[in-house]
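The values are calculated or read from the model by the stated rules, or taken from the named source; none is laboratory data. It should be emphasised that the depicted structure is a prediction, and the values quoted were computed from it without experimental measurement. Because the Cβ atoms are built from the backbone with ideal geometry, glycine has one as well, and the counts that use them run over all protein chains shown.
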Amino acid sequence: MSWLAVRVSAGNAREAALAALFELGSQGVQEVGDDLVTHFPADMAPDAVVGAVQRAAPGATVATSRVAAIDWSEEWKQGVGAHDLGALSIVPPWLAVGRDPSRTIVIEPEMAFGTGEHETTRGVVRLLPSIIRAGDRVADLGAGSAVLAIAAAKLGAGRVAAIEIDHDAIANANENVERNGVAGIVTVLEGDAAVLLPLVAPVRVVLANILSSVLLEMLPAIASALDADGEAVLSGILSEERPMMLAALADGGWRIVAEDLEGAWWTVRVARP
């Protein structure tokens, strides 16, 4: 038996491309750098995959090839590694043995975004240790696998709301929260961040690893949700979008505290206007 292998490069439309792949029937998508990699049974027409992805994410590049049957569960594991990010590490369960649980975030790679394989996740985690204070109230917008919410809890936050609109990501997020022993701190909430954020406010820290277009829309709501000394970490921003985002932050009175750049992705720590 053979498979149809698919590799998608979608830039800042990766979430739309990811949704299209799952809609087509993908059972799992791996993040390899900025690309999304998956496979389909041999009877899947390549043109159908290319067309569906490009309709959902115009401008995306989609490459397909035929590959021999392999053990995809083992291949998946080969492609997911441990990420040591200063104070914390993100690892899959099969690489967690022997690590300090207080400094290790164990994430089961599933369809929820946030395994540590993407630069945006790593950028936020690198900035977090200098932000989180003991007992902080935190909101994580677009929580995905809940990796950032778990990171905040491991760093000493007292209460974290992990808000995620994608129903299919909720079970994975809850499993990861339980697996990391932070269920008493992190609460996973399903719904629109624009609706739920005011309900969990006030918070001292907002984490938002989402599309830059959504970030721009959410900036006023984030400012309103923060305490007087509140801060936010924003990610999901392409480096080429940095000037545009800096202008929007300046217009809103935000103060830039720190920045992180990895590959094509920019992450920024800002203080409340």
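Here the condition is being of a type in the set (F, W, Y), modelled with pLDDT of 80 or more, within 29 Å of A42 (Cβ to Cβ) and assigned to a helix (DSSP H, G or I); of W76, W94, it holds for W94 alone. Taken together, the criteria exclude A248 from residues that are among the aliphatic types (A, V, I, L, M) and under 13 Å from V206 (Cβ atoms). Here A13 qualifies as of a type outside the set (D, E, K, R), in contact (Cβ under 8 Å) with a residue 24 or more places away in the chain and over 20 Å from A68 (Cβ atoms). Residues that are modelled with pLDDT of 95 or more, out of contact with any helix residue (DSSP H, G or I) (no Cβ under 7 Å at 6 or more places or on another chain) and in a helix (DSSP H, G or I) within the range 195-214 comprise V195, L196, L199, V200, listed in sequence order. Within the range 246-266, residues that are free of Cβ contacts under 8 Å to residues at least 12 places away in the same chain reach partners that are of a type in the set (A, V, I, L, M, F, W, C) with beta carbons closer than 7 Å, at six or more positions or on different chains, in the pairs E259/W266; E259/V268. Looking at the range 27-68, which of its residues are among the polar types (S, T, N, Q) and in contact with a Phe, Trp or Tyr (Cβ under 7 Å, 6 or more places away or on another chain)? Answer for the range 27-68, where residues must be among the polar types (S, T, N, Q) and in contact with a Phe, Trp or Tyr (Cβ under 7 Å, 6 or more places away or on another chain): just Q30. Considering only residues that are touching a strand residue (DSSP E or B) at 6+ places or on another chain (Cβ under 9 Å), buried (at least 18 other Cβ atoms within 10 Å of the Cβ) and closer than 19 Å to L18 by Cβ, which ones fall in the range 167-198? Once the filter is applied, which keeps residues that are touching a strand residue (DSSP E or B) at 6+ places or on another chain (Cβ under 9 Å), buried (at least 18 other Cβ atoms within 10 Å of the Cβ) and closer than 19 Å to L18 by Cβ, the range 167-198 yields A169, I170, A173, N176, A193.
Applying the condition of being among the polar types (S, T, N, Q) and in contact with a helix residue (DSSP H, G or I) (Cβ under 7 Å, 6 or more places away or on another chain) to the range 225-273 and asking which residue is surrounded by the most Cβ atoms within 10 Å (Cβ to Cβ) yields S235. Counted as qualifying within the range 106-183 are the helices (runs of 4 or more DSSP H) with 3 or more residues that are closer than 21 Å to A10 by Cα, namely 119-127. Are any residues in the range 257-267 hydrophobic (A, V, I, L, M, F, W, C), closer than 14 Å to R122 by Cβ and assigned to a strand (DSSP E or B), and if so, which ones? Within the range 257-267, L261, W265, W266 qualify.
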